[in-house]
Each structure stands twice: as C-alpha cells, then as structure tokens.
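What follows is a set of notes on a single structure, which appears directly below.
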Amino acid sequence: ERGFDEYDHDDVLSRCRPGFDEPGAIRQFIAKSKVPQDTFLQIFEESMQRWMGGEHDDEYRESWPVFRARCHAALERLVATADPKGNTVVFTSGGTIATLCQPLLSYPDKQVAALTWNIVNSSATKLINRGGRVPHRKIVLLGAIKVVPLAQYLAHTLDGFLDIGSLIHPAANE
C-alpha cells in the first residue's frame, strides 16, 4: 500500500534554506559544523516547520496536508479491507507513523515533527481499539528501515491507547 510510504525527506530538507537544493549542499553544511548531529537536528526542525507551516505548500512535491491525507486514507482502506478476526502489520517509517498517531494523541503539527524525530527506525507502534477509535483488531505499524542490533525493548503507554516500543533484532541480523 503506497499510502503508507514516507514523505520525501530530500524534498523537505532541500527547501529549508537557499542553496540546499544543490547536490551535497546539506551534507557539506553539516560536515562544517562543530556538532553535526545537533546541526542536522536544527535543519530537520526548520525543514519540518516550513513544510508543515502551509505557507510554501506549492513548493513541495507533496505538501504536508496532502501527505497527512494520504496516510490517513491508507489507514482507512486498511481498516475497511483487513480481516476482522486477525491482526494487521504494516511496515512503514517514522513520519508516517507519527502522522497516523497525531489525531489519536491530539498533537499539533509541531509535536508530530518532534515525534517523527523520536520514532526509531525499526520501532513498533501498536494501535488497539479503545472505545471504537480504531477497529477491534490490532494494527501494528513497524518502522522497519534498518536493523538495530541493540536488544532493547521499551514500552510506553500514551493516553491508555498507544503503545510505542522498539523491536528486538538478534545480533545475527547485523
């Protein structure tokens, strides 16, 4: 289901500052900084704010409202077609997962951007029915972009509705 595809991070990041659309420009900018990870986080935050702000929607291949609508439409299609007696697993990425969690957590866009940054690749997000807000079967969204060899499991319950944790991958997958 292409509706669960991640947003085009290259498109979002490259429009953040003048000159960032040149090949390698962001990488060079980050490499010159004293703390590259902090510099990337700053660029990421600026980029997400600009993309989600709505003032530049026509400059992106896919605007934030279109991306958000695409993700939610995919979830609605999944719910409508999934086996009512079974569980459903979706492999996707952090931006899609955060976007699907936004209405469940009543998060404004700014918090979705922060949640996107904090959802670890290869994490698991489980949506479970609570009062009819999600179908009675489980829907598990897995951000499975890269294997994380660290065997940890974190489980958090937010609003009694959403469990976010990281998947455990055996060292053999390294």
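The values are calculated or read from the model by the stated rules, or taken from the named source; none is laboratory data. Source: prediction; values computed, not measured. All Cβ positions, even for glycine, are placed from backbone atoms using ideal geometry, and neighbour counts span all protein chains on display. Only protein heavy atoms, including side chains, enter the accessible area calculation; ligands, DNA and RNA are left aside. Shrake-Rupley method; radii C 1.70, N 1.55, O 1.52, S 1.80 Å.
Label-to-label distance, LEU105 versus ASP57, with points set 7 angstrom from Cα along the beta-carbon direction: 2.4 nm.
Count charges around GLY3 for me, please; just the other residues with Cβ under 10 Å from its Cβ, Lys/Arg as +1, Asp/Glu as -1. Counting the neighbours of GLY3, the net charge comes to 0. Rounded to whole numbers, the Karplus 3J(HN,Hα) couplings from phi for segment 104-119 are 5, 9, 6, 8, x, 3, 4, 6, 5, 4, 5, 5, 4, 5, 8, 6 Hz, using 6.51 cos²θ - 1.76 cosθ + 1.60 with θ = phi - 60°, and x at Gly and Pro. Not counting ligands, DNA or RNA, and with a 1.4 Å probe, what is LEU78's accessible surface area in Å² rounded to the nearest 10? The accessible area of LEU78 comes to roughly 30 Å².
Taking amide H atoms as placed 1.01 Å from N in the peptide plane, the amide H of ARG17 has no partner under 5 Å among residues 5 or more positions away or on other chains. Among the chymotrypsin sites (Phe, Trp or Tyr not before Pro) found in segment 24-122, not one is both in a DSSP coil and sparsely packed, with 13 or fewer other Cβ atoms within 10 Å of its Cβ.
5 Å is the cut-off here: which amide hydrogens, built 1.01 Å from N in the peptide plane, fall below it relative to THR92, excluding neighbours closer than 5 in sequence? Under 5 Å from the amide H of THR92 lie the amide H atoms of LEU142, GLY143, ALA144, each far enough along the sequence or on another chain.
Near LYS32: Cβ cut-off under 14 Å, other residues only, Lys/Arg at +1 and Asp/Glu at -1. The net charge is +2. Within the assembled protein chains, the solvent-accessible surface assigned to SER63 is about 10 Å², based on a 1.4 Å probe.
On the accessible surface of segment 1-104, probed at 1.4 Å, how many percent belong to carbon and sulfur atoms? C and S fraction of accessible area: 52 percent.
Local charge for ARG50 was computed over the other residues whose Cβ lies under 11 Å away, with Lys and Arg +1 and Asp and Glu -1, and equals -3. Whole-Hz Karplus values for segment 11-27 come out as 5, 5, 5, 5, 9, 5, 9, x, x, 6, 7, 6, x, x, 5, 5, 4 Hz, taken residue by residue from phi with 6.51 cos²θ - 1.76 cosθ + 1.60 and θ = phi - 60°; glycine and proline positions read x. Starting from the Cα gyration tensor of segment 1-118, take the square roots of the eigenvalues, sort them a ≥ b ≥ c, and report rounded, prolate or oblate (rounded when a/c is under 1.5, otherwise prolate if a/b is larger than b/c, else oblate). Prolate, since a/c reaches 1.5 and a/b exceeds b/c. Of the GluC sites (Glu not before Pro) in segment 1-59, the ones in a loop by DSSP (not H, G, I, E or B) with at most 10 other beta carbons within 10 Å are GLU55.
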